[in-house]
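Working notes, beginning with the structure itself.
Since every read-out is calculated from the coordinates, none of them should be taken as a lab result. From a predicted model like this one, the values you see are computed outputs, not experimental measurements. Don't worry about glycine lacking a Cβ; one is built from the backbone with ideal geometry, like all the others, and counts go over all protein chains shown.
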């Protein structure tokens, strides 16, 4: 059994990182959130523009994502910044604290001045950082790992090299008792029948077909052709001709294991094995959903080269072709282009990705972490009110 | 001669109240690289956001138009567009749409073979521009070169009673001097549509205002083409409140009701659609050409815009305001002389005096969504 050294949390989950984060609950506080993080080196800001002037479905999704982010196993401590009126900072923090998470909310109620909030926040974060540095790791095994599967900036090689290798790795993780989450509903369109057949029962199969159908209908409702956004101009330059072709390559990341469960955006899996999460094909929003759903590490294949990461989760980049690895190695962790050159097989690269996951879980940094790529965005459903 | 301020004159005849070198990302995937560039060069400002890919129809057009608008804003001396390469919102498309009235260039991470090269290249470009911008001098320009955005945030009735006539007086003075004023047409002002419609000669503006005054409508996930109503129409209380807020527009005719990122075609008073998200509202005003904004609030707002100086105006008896943010406090003095004072303070800021938000370096940029991402 493959093991790693991780950080055990009070709710029983295990983290592969030990981050201290500061996170705002309304967009007005995004600037102060970043300012506060700058005052305490080592603290990661998770700033965004959601949380206000949104429809209920968006607000609910925002809160779920923020809670999943702050209560993530990779997070040692989280500080919420809120207005104290018209936002849910204190409520979210107390719910997370009740689950055993080390969280706190600071708001502007009781006539607090900006300088007071910054001072109070700085003190709390310094203490949290000290506490985090004294935390010890313990041995855990792959059955406790949840791995997110993502692709971005795909090219014609994605479905031939990197994605099938990720699929091989996903099957190994599932074989060893772990969990993998395939995402990006847009990129299941045209290939949904293949995944539906792998569903563990008819309920899961119907659920899966329903989210894909809903997505297609929503696209039709805009009166637009999905092809104007997907495949993207870069996908086409990379040799992809249709969304169906992109989808058939995209789902290869899911390997051949049975589909156990279908999750909403930012929802935590209840089953082990291979599951699917309803996320958009928009990488940063999709990765934020996977992370909020509890994935400790995300695998991300890229053909054109995408540098994006996550504030809380290590993102492992798998390059699809040798040229990309040659010119953009600073953003690539595993070169699946070796398959084209006849140097490695899909199974060998799958094993290499698995080894990279374990090294990353043990603390080695990914390319996105080295470059401080900490992009964060929450999937938006409706217009800002 | 009428009122004037010290501004940066642009090639197209407009004038900036600031002289920023903007670094604009086309998509969230290039936001970190764009920000890294600005951190290496003083005088440069990052315009980063979470949009730019997997968007369709109106939602995509809005993202593109907002970025074109920001790059074109008179407060920007120049703009570097930083893209990834494979995104929906292509750098080439942005460059085609941005008018060639200032230095504008585009670079992409995939084209430059990685973030490090892109940062090096970008730093080289903006260092040169930042030197040029620093050597430029302010010149005296008429107030007709100003486009002033007005945004209201969290005002109660007493605050409005105190502040609205003064703001309205200031708006009239600005418009008499040839300025353009854009009043934020938010959900608190929408119920006053009927009253405002009487101030427009334009039939389609009248109709839009009348329709908007019935009930609050926005686009939703499942009814993307048919904006749905929130609630069952505006109450009498909301209408009375909105009519009080409408006093802030002064007495000039209303020339147009601008949608997101639309620019006015003539000087005078306009209404501009703004969302309830403050950062998005101010960013929208900036992309529509405002070179300064007045934020009227009972408390003061904890964020400004990266493109515009945002002047914080609070009423006479504000509700626990953030004192360190207040640039102008309405008093019990006679309305007309206060309106003149307010315009004088605004002009000082336009001429270079920092707002309190600027001193605290609190400013953001963000683009509203009008639909879901795919």
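By the beta-carbon count within 10 Å of each Cβ, the least crowded to most crowded order of B:152, A:360, fewest first, is A:360, B:152.
Let me know the Kirkwood hydrodynamic radius for chain A, please, with Cα pairs as the basis and the value in Å to one decimal. Walk me through the numbers before you get to the answer.
Details: mean 1/r = 0.0474 Å⁻¹.
Computed over chain A, the radius equals 21.1 Å.
Note on segment B:1-88: Kirkwood radius taken over Cα pairs, Stokes-Einstein applied at 20 °C and 1.002 mPa s, translational D equal to 152 µm² s⁻¹. Quick check of the Kirkwood formula: for segment A:19-134, what is the inverse mean of 1/r over all pairs of different Cα atoms, in Å? So the Kirkwood estimate lands at 13.9 Å. Equivalent ellipsoid of segment A:141-370: semi-axes from √(5λ) of the C-alpha gyration tensor, largest first, are 24, 21, 16 Å.
Just to check, using Stokes-Einstein with a Kirkwood Rh over alpha carbon pairs, what's the diffusion coefficient of segment B:141-359 at 10 °C and 1.306 mPa s in µm²/s?
Rounded to a whole number, D works out at 92 µm²/s.
Identify the residues of segment B:6-45 with backbone N under 11 Å of a label point that sits 7 angstrom from the Cα of residue A:38 along the Cα-to-Cβ direction, or state none. Of the residues in segment B:6-45, B:39 have backbone N under 11 Å from the label point off residue A:38. Axis of helix A:30-39 versus longest Cα principal axis of chain A: the two differ by about 80°, to the nearest ten degrees. Here the label points at residue A:95 and residue B:201, each 7 Å from Cα along the C-beta direction, are separated by 5.5 nm in the simple model. The angle separating the long axis of helix A:202-221 from the principal Cα axis of greatest extent in chain A is about 80 degrees. A convex hull fitted around the alpha carbon atoms of segment B:98-241 yields 237 Å³ per residue.
I'd like the FRET efficiency for residue B:6 and residue B:332, computed as 1/(1 + (r/R0)^6) with the beta carbon distance as r and R0 of 35 Å, rounded to 0.05. Mind showing how you got there, number by number?
Working: r = 32 Å, r/R0 = 0.90.
With a Förster radius of 35 Å, E is 0.65.
So, in Å, what gap is there between the alpha-carbon centers of segment A:314-385 and segment A:3-26? Segment A:314-385 and segment A:3-26 have Cα centres separated by 21 Å.
Considering every residue in B:81-87, what mean count of other chain Cβ atoms within 10 Å of its Cβ is obtained? All intermediate terms of the calculation are to be shown ahead of the outcome.
Details: counts 0, 0, 1, 10, 9, 17, 7.
Counting other chains' Cβ atoms within 10 Å and averaging over B:81-87 gives 6.
Each principal axis of the Cα atoms in segment B:45-121 has its own extent, and those three values, largest first, are 32, 31, 20 angstrom.
So what's the back-of-envelope 222 nm ellipticity for the protein assembly as shown, counting only DSSP H runs of four-plus at -39500 (n - 2.57) apiece and dividing by all residues, rounded to 500?
Details: 24 runs with 274 residues, N = 759.
Calculated from helices alone, the mean residue ellipticity at 222 nm is -11000 deg cm²/dmol.
Could you state the angle between the C-alpha long axis of helix A:114-134 and the longest principal axis of the C-alpha atoms of chain A, as a value from 0 to 90 degrees rounded to the nearest 10? On a 0 to 90 degree scale, this one is about 60.
Spin-label model, residue A:109/residue A:270: points 7 Å from Cα along the beta carbon direction are separated by 3.3 nm. Between residue A:326 and residue A:236, what is the label-to-label distance in nm when each label sits 7 Å out along the Cα-to-Cβ direction? Simple spin-label model gives 2.7 nm for this pair. Shown is the FRET efficiency for residue A:201 and residue B:319, computed with R0 = 51 Å from the Cβ-Cβ distance and rounded to the nearest 0.05: 0.35. Between the C-alpha center of segment B:287-306 and that of segment B:311-341 there is a gap of 15 Å.
What FRET efficiency comes out for the pair residue B:341/residue A:126, r = Cβ-Cβ distance, R0 = 60 Å, nearest 0.05?
Numbers: r = 44 Å, r/R0 = 0.73.
So the FRET efficiency works out to roughly 0.85.
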